[in-house]
Amino acid sequence: MRGPVDNIGISAQITPNASFTWLETGGLDVSFTYTGTGTVQFFWDFDSDGNVDNTNAGSANYTYPDTGIYTATLVVSNTCGVDTTSVQINLIGLNNTLAEKLIYRLFPNPATYNLIIQSGVQFDKFLIMDLSGRVIQETNNAAETTIINVEDLSKGVYILQGIKGTQYFPAQRFVKN
């Protein structure tokens, strides 16, 4: 004999994924966009001080106090777990008037053996980074004309950034053949 049947509701959740993108929107303002999945709660720490700066779902904006290198962290959670990711942000402050005066020119682009950098200012160093912001090569004691050997770099797109003192200047992309 059959008895009554109750309907049981089942909801499935997936383990959260804490991925995000960021975009420097001008000056010291940065826009963060969540690109992960399965999240219910968001905890943003934009300046790696250990304090939660924002709990907005989806996206958030933050104004940094100065140019520099910051670590932005997103912790996400749901009933299935917690996930954390951090990204290093090299904030150059595109509206910085000093930075606008110190733009440099690089050639040839694409480069095969050497990358030549010309500027009206002597930078302390140049950084070559991959597209994720990881420093691949560093050149110290840069001159107004600096030649960097890029022969050992793998083919691809790289970012070059000049540094003078504590100032990080607008980055430029170049292609390594």
Give the residue that is surrounded by the most Cβ atoms within 10 Å (Cβ to Cβ), with candidates limited to residues of the stretch 122-165 that are within 21 Å of Leu91 (Cβ to Cβ) and of a type in the set (Gly, Ala, Ser).
Gly162
Do any strands (runs of 3 or more DSSP E) lying entirely in the stretch 111-163 carry at least 3 residues that are under 22 Å from Leu23 (Cβ atoms) and either in contact with a Lys or Arg (Cβ under 6 Å, 6 or more places away or on another chain) or in contact (Cβ under 8 Å) with a residue 24 or more places away in the chain (or both), and which ones are they?
125-129
Does Ser119 satisfy the condition of being within 30 Å of Gly165 (Cβ to Cβ), small (Gly, Ala, Ser) and at pLDDT 85 or above?
no
I'd like to know if the stretch 166-176 contains one or more residues that are surrounded by 18 or more Cβ atoms within 10 Å (Cβ to Cβ), out of contact with any Ser or Thr (no Cβ under 8 Å at 6 or more places or on another chain), touching a residue at least 12 places away in the same chain (Cβ under 8 Å) and outside any strand (DSSP E or B).
yes
When Thr33 is evaluated against the numbered criteria (1) β-branched (Val, Ile, Thr); (2) over 30 Å from Lys155 (Cβ atoms); (3) loosely packed, with under 15 Cβ neighbours inside 10 Å; (4) modelled with pLDDT of 85 or more, which criterion, by number, is the only one it fails?
(2)
Please verify whether the stretch 55-68 includes one or more residues that are buried (at least 18 other Cβ atoms within 10 Å of the Cβ), touching a residue at least 40 places away in the same chain (Cβ under 8 Å) and in contact with a helix residue (DSSP H, G or I) (Cβ under 9 Å, 6 or more places away or on another chain).
yes
So Asn78 passes all but one of these: (1) at pLDDT 85 or above; (2) closer than 18 Å to Arg173 by Cβ; (3) over 22 Å from the mean Cα position of the chain (by Cα). Which condition number does it fail?
(2)
Pair list, Cβ < 6 Å and 6+ apart or interchain, from the stretch 23-40 residues that are under 18 Å from Gln88 (Cα atoms) to residues that are in a strand (DSSP E or B) and among the charged types (D, E, K, R):
Val30/Glu24
May I ask you to list the residues in the stretch 44-75 that are touching an Asp or Glu at 6+ places or on another chain (Cβ under 7 Å), closer than 14 Å to Glu24 by Cα and of a type in the set (Val, Ile, Thr)?
Thr63
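The values are calculated or read from the model by the stated rules, or taken from the named source; none is laboratory data. What you see is a predicted model, and the numbers here were worked out from it, not measured in a lab. Neighbour counts run over all protein chains shown; Cβ positions are idealised from the backbone, glycine included.
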